[in-house]
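Below: the structure, in structure tokens.
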Amino acid sequence: GGVRYNASAALDNTICPKGWHLATEADYTDLINYTSGLTLKNFFDWYPTNEDSLKEEDASSLVLAANSMKSLEGWERHGDTLNGSNSSGFNGLPGGRIWPHAKGSTGEEGDAGYWWVKTDLVGASEPFRDYPQIRGLGEISLCNGSPSLHDACTSPLSGNRDNSFNNLAVYDCRCVRD
């Protein structure tokens, strides 16, 4: 359930109630540090583009953080239940995402959840297909942690600071109290 937003709507500053804001890189970095035991300056600068380069202890920390952010129910793959502990209170649900070029859902429901992240990136970005480009949003995703229907779900917790190529996708948003 809940409402999902495209990039333009997420950046509109009206989706969160007064006194709240769209979760930022700093908000998610704080949560990941708290739940993982890591001491990162910025998760989105640190997260490697190639997950194979993660140190074993860092990968274990991401599994711990992801488990603490995943909801107590709804996470399933091929009949396996992979729910989290929700010990962080984030209560991340596996609602997948909606892609316009896929004409709707990606089929990731039960397997992955995606949230827009407010970033400080500005300026033009490289064009992607015929989609208009919007900077200032990234994504954070929780996944069941092994390859699934797409390459993005190989890590239980991942982040992308420049998500301008996905700006027509529809993701969930998380508002944080100012």
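The values are calculated or read from the model by the stated rules, or taken from the named source; none is laboratory data. Remember, it's a predicted structure, so these values are computed and weren't measured experimentally. Ideal geometry is used to build each Cβ from the backbone, glycine not excepted, and the neighbour counts take in all protein chains shown. The protein model used for the area step is the full one, side chains on, heavy atoms only, and it has no ligands, DNA or RNA in it. Shrake-Rupley method; radii C 1.70, N 1.55, O 1.52, S 1.80 Å.
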To the nearest 10 Å², what's ASP12's accessible area with a 1.4 Å probe? 80 Å²
Name the long-range amide H neighbours of LEU137: under 5 Å, sequence gap of 5 or more, or other chain; modelled H, no Pro or chain starts. THR119, ASN163
If amide H atoms are built 1.01 Å from N in the plane of the peptide, which residues on other chains or at least 5 residues away come under 5 Å of the amide H of GLY92? LYS70, SER71
With every protein chain left in place, what is the accessible area of THR81 in Å² (1.4 Å probe, nearest 10)? 90 Å²
If I model a spin label as a point 7 Å beyond the Cα along the Cα-Cβ vector, how far apart are those points for ASN83 and TRP99 in nm? 3.0 nm
Along the Cα-to-C-beta direction of ASP120, a point sits 7 Å from the Cα; which residues of region 20-35 have their amide N less than 20 Å from that point? 21-34
